[in-house]
1. Give the Kirkwood hydrodynamic radius (Å, one decimal) of the range 11-100, defined as one over the mean of 1/r across all pairs of different Cα atoms.
2. Please sort 201-209, 147-155, 16-24 by packing, taking for each peptide the average over its residues of neighbouring beta carbons within 10 angstrom, highest first.
3. Can you work out the accessible area per residue across the range 6-110, with the rest of the protein chains kept in place, probe 1.4 Å, in square angstrom?
4. N198 versus I72, label points 7 Å from Cα toward the beta carbon: distance in nm?
5. If I stretch the segment between K103 and Y133 completely, what's the gain in nm (0.36 nm per residue apart, minus their alpha carbon distance), one decimal?
6. Collect residues whose amide H, placed 1.01 Å from N in the peptide plane, falls under 5 Å from the amide H of V186; neighbours closer than 5 in sequence don't count.
7. Say each of N147 and K43 gets a label point 7 Å from the Cα, pointing the same way as Cα to Cβ; how far apart are those two points in nm?
8. Given H placed 1.01 Å from N in the peptide plane, which residues other than close sequence neighbours of E158 have an amide H under 5 Å from its amide H?
Amino acid sequence: MNNMDGKEKILTMINKVIIEMEQLYDTASLQTGMVGLVYKRYKKAKDFLSKGGDPLDDASQFTIMGGVRAYIDDYDVDLTDSKEIIEYMTKTERAVKEYMRKKKGISAFRRITKKEIEIEDLKQEEISRKENYGYLGLWTVVRDIPNAEKSADGYYEEIFFDVNRKSLYGVVVKEKLKLKIDWPNVILGLYQHPSDINTIMDDIKRIEKIYKNSLDDN
C-alpha cells in the first residue's frame, strides 16, 4: 500500500466514525464534553485529509490519536450503544499508526489531553450561554415543550433550574442524552403548549428573585 492508499484508508475509517456518531448523538451532544471534542477532532481531520493534507505536515490539524481511550473513559458514554464507534475509532488509530510507521518510522503521536477537553468545554459553554441568553440549556428545554396536539393528550415537559450554574434541564433531554447528573433543587415547572421562551424566562427571573431574597435574608 502506497502513502496515498494509507491516507485513503484513514479517511475511510474517519468517515465511518463520524457517521456512527451522528447517528447515535443529537446536535447538542456533538458540541460539548468528550463526545463533542472527539467528534470535532474527527471532522477537522476529515477536512484536512480531504484537502490533501498529510498527518505529518501539520499535527495541529490532525489530533485524533488517543481519542478512543478518552471516549471510553468518559463517564457519560454508553459503551453498549457505542460499540461501532469504538470499533471504527480503534481501526482509525491503527491505520494512522501504520501510516506513520511506513512513512517516517515513528509509532507515537500527540494525544488528546484532559486540559484540551477542559478548554474546549469552557469555549463551548461560553458560546452556548451567549446563544441562550446567559442560561445553559434554555433553547433545548424550550424545544422539548410538547406541541398543541401532544399537550392536548396530556404530555408535558418537567423542567429543572440550577440557580448557581444558571442551567436548565428537562426530563426529555436527560433521558435522550443519558445525562448522569443529580437533579438541581429547583423545579421550574411543568410546561405544555402554549408555553414558550418568554414563559420560561419569566419563571427563571421569578426563581432568581426568590433565591436572591433568601440570600439577602441570611
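1. Values: mean 1/r = 0.0764 Å⁻¹.
After inverting the pairwise mean of 1/r, the radius is 13.1 Å.
2. On the way: 201-209: 13.8, 147-155: 11.4, 16-24: 17.6.
Averaged packing, sorted descending, gives the order 16-24, 201-209, 147-155.
3. Working: 5140 Å² over 105 residues.
Normalised by residue count, the accessible surface of the range 6-110 is 49 Å².
4. Each label point lies 7 Å from its Cα, and together they span 5.3 nm.
5. Numbers: separation 30, 0.36 × 30 = 10.80 nm, distance 4.97 nm.
Stretched out fully, the K103 to Y133 stretch lengthens by 5.8 nm.
6. Amide H to amide H, under 5 Å and 5 or more residues apart or across chains, V186 pairs with F161, V163.
7. According to this spin-label approximation, the distance is 2.6 nm.
8. Residues meeting the amide H criterion: V171, V172, Y191.
The values are calculated or read from the model by the stated rules, or taken from the named source; none is laboratory data. As the structure is a prediction and not an experimental result, all values here were calculated from the model. Positions of Cβ are backbone-derived with ideal geometry, glycine not excepted, and every protein chain shown enters the neighbour counts. The protein model used for the area step is the full one, side chains on, heavy atoms only, and it has no ligands, DNA or RNA in it. Shrake-Rupley method; radii C 1.70, N 1.55, O 1.52, S 1.80 Å.
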